[in-house]
Amino acid sequence: MEIENLCKEIRSRAFERKEPKTPEQVGASWYNDDLTYDGVSKTLFIILPTPGCSWALGDSGGCTMCSYVSDCTLEPIDSETILKIFNDHLSRFDIENEDKISVKLFASGSFLNPYELPIEARDEILTTLANMDNVSEIIVESRPEYVKEEYLDDIFSIIGERLFEVSIGLETSNDYTRLNKINKGFTLKDFKDAVKLMQELRDKKGYNLKSKAYIFVKPILTSESQTIAEAIQTAKDCEAMGVDRLSVCPATIHGGTVIERLWRKGAYQPPWIWSCIEIINTIRSEVSIPALLDTSGFGSRRGPYNCKKCNKDLKHMIIDCNLTQSIIEYDCECKSEWLAEVKNADMNQSKTKIKHIPLY
Ligand code: SF4
Ligand SMILES: [Zn+2]
């Protein structure tokens, strides 16, 4: 497919320009308040060193907006090194005195894929967390093809009754957008099957298993009005499928991606912050499952934008409203400009096939 060739070619150039990271450089951690299944609670985020997402390293070239693989080692890492880095990051925070904490383990790809995170390392990490009485939730990310009963059986044999959430980058319930504009390589049916399996395991085996969907705001060749409608529809579809939580992720321009190439040519802009607010407010009014709005890159040159006056205020407000799940109420002069773009958005939408856009 043309989009795959483009992703692959852009990815290869990015690899040529940038040295892969060492496992120590990949590992990272931070600690803050977040919305857990049990209300607002301290959450520890740890980025585990991995070779990178198999989807991005393979023939597909990966997704059009994602640069995670540029921050990985590109080569397998032995379990001992992964565990050393994990334990080092775990020991950096004073978490012992908290009653309850949630731990989010990021693998810059799929935590459940044994190629990206060896089973030995996975099990040792989970055993360490299972031995900590105050760890009540463990959250990971995975593509749907790695959501397998055998992996989940192994995981629950270690973590017992703790809550385990698998977050999947569905991005949109529209197959055309996901396959052709995001190059995600899996269908809505694949996602549904993964969610269904998790629900069955919850019912049959009593696993405390939850699912989360990431919803991507503004893929390439999509207008503001289209992305608003599609993100809201995706949230409704997720609720109907029985997904437990949503995370709305607006586009930010990362290096070495197709989105960056189009942006440099003036053929792409990240979404307005107003569009993101319209999406999250509508979801919070019309969909009953919790939904978070990611604010990464907000107000920066490469991220979602409004105007200099309101970017910062809104970012703080969104973070606060994520914790309370409340509607964001705010006004600014720039709102009329956004509304005009939403109304005339089809004028900005390109119908040109990707291969005909001048990319060089
Ligand atoms: S978005 Fe997920 S599946 Fe796509 S390339 Fe990035 S890590 Fe891989
Ligand atoms: Zn403004």
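Each reported figure results from applying straightforward, stated rules to the coordinates on display, with no laboratory input. This is a predicted model, so every value here is computed, not measured. Because the Cβ atoms are built from the backbone with ideal geometry, glycine has one as well, and the counts that use them run over all protein chains shown.
What Kirkwood Rh does the range 1-74 have if only Cα atoms enter the pairwise 1/r average? Answer in Å. That comes to 14.0 Å for the range 1-74.
In the chain, the calculated helix contribution to ellipticity at 222 nm averages -12000 deg cm²/dmol per residue, counting -39,500 (n - 2.57) for every DSSP H run with n ≥ 4.
The label point for residue 80 and the one for residue 21, both projected 7 Å from the Cα toward the Cβ, are 2.4 nm apart.
Applying both filters, DSSP loop and at most 11 other Cβ atoms within 10 Å, to the GluC sites (Glu not before Pro) of the range 60-137 gives 96. Among 308, 184, sorting on how many other beta-carbon atoms sit within 10 Å of each Cβ, with the fewest leading, yields 308, 184. Antiparallel beta bridges, as assigned by DSSP with both residues in the chain, represent about 20 percent of the total such bridges.
Could you please report the charge total around residue 31, scoring K, R as +1 and D, E as -1 over all other residues with beta-carbon less than 12 angstrom from its beta-carbon? If you can, show how the numbers build up before the last one.
Details: positive: 42, 92, 104; negative: 33, 34, 94, 98.
Here the charged neighbours net out to -1.
Rounded to the nearest whole Hz, the Karplus-based 3J(HN,Hα) values (6.51 cos²θ - 1.76 cosθ + 1.60, θ = phi - 60°) of the range 142-154 follow the sequence 7, 6, x, 5, 9, 7, 10, 4, 4, 5, 5, 4, 4, with x at glycine and proline.
Relative contact order, whole percent, for the chain stands at 14, derived from Cα pairs under 8 Å and 6 or more residues apart.
Give me the dipole magnitude in Debye, nearest 20, for the range 6-68 about the Cα centre, with unit charges on the beta carbon: positive for Lys and Arg, negative for Asp and Glu.
Approximately 280 debye in magnitude.
Rounded to two decimals, the Cα-based Rg/Rh of the range 53-157, with Kirkwood Rh, is 0.98.
Note on the range 241-284: Cα-only Rg and Dmax are 13.7, 40 Å. Proximity of backbone amide H atoms, modeled 1.01 Å from N, is registered between residue 141 and 107, 111, 167 at under 5 Å, excluding neighbours fewer than 5 places apart on the same chain. Between residue 296 and residue 323, the simple label model (points 7 Å from Cα in the Cβ direction) yields a spacing of 2.1 nm. Inverting the pair-averaged 1/r between distinct Cα atoms of the range 235-341 gives 14.7 Å as its Kirkwood hydrodynamic radius.
Taken as Cα centroids, the range 212-227 and the range 274-320 sit 14 Å apart, rounded to the nearest whole angstrom.
Applying the Karplus relation 6.51 cos²θ - 1.76 cosθ + 1.60 with θ = phi - 60° to the range 232-244 yields 3J(HN,Hα) values of 5, 4, 4, 4, 5, 5, 5, 4, 5, 7, x, 5, 8 Hz, where x marks Gly and Pro.
Remark: the chain is approximated by an ellipsoid whose semi-axes, taken from the C-alpha gyration tensor as √(5λ), come to 32, 25, 20 Å, largest first. Between 324, 252, 73, the residue with the greatest mean-square fluctuation in the GNM of the chain (Cα pairs under 10 Å linked by springs) is 324.
Give me Rg/Rg_expected for the range 190-287, where Rg uses Cα atoms only and Rg_expected = 2.2 N^0.38 Å with N residues.
Details: Rg = 16.1 Å, N = 98, 2.2 N^0.38 = 12.6 Å.
Ratio of Rg to 2.2 N^0.38 Å for the range 190-287: 1.28.
Of the three principal axes defined by the Cα atoms of the range 161-230, the extents in descending order read 44, 18, 16 Å.
No disulfide-compatible partner, judged by a Cβ distance under 4.7 Å, exists for the following cysteines of the chain: 7, 53, 72, 238, 249, 276, 321. Summary of the geometry: the range 11-71 and the range 111-153, compared by the centres of their Cα atoms, lie 16 Å apart.
Coordinate range of the alpha-carbon atoms in the range 52-113 per principal axis, descending: 46, 25, 19 Å.
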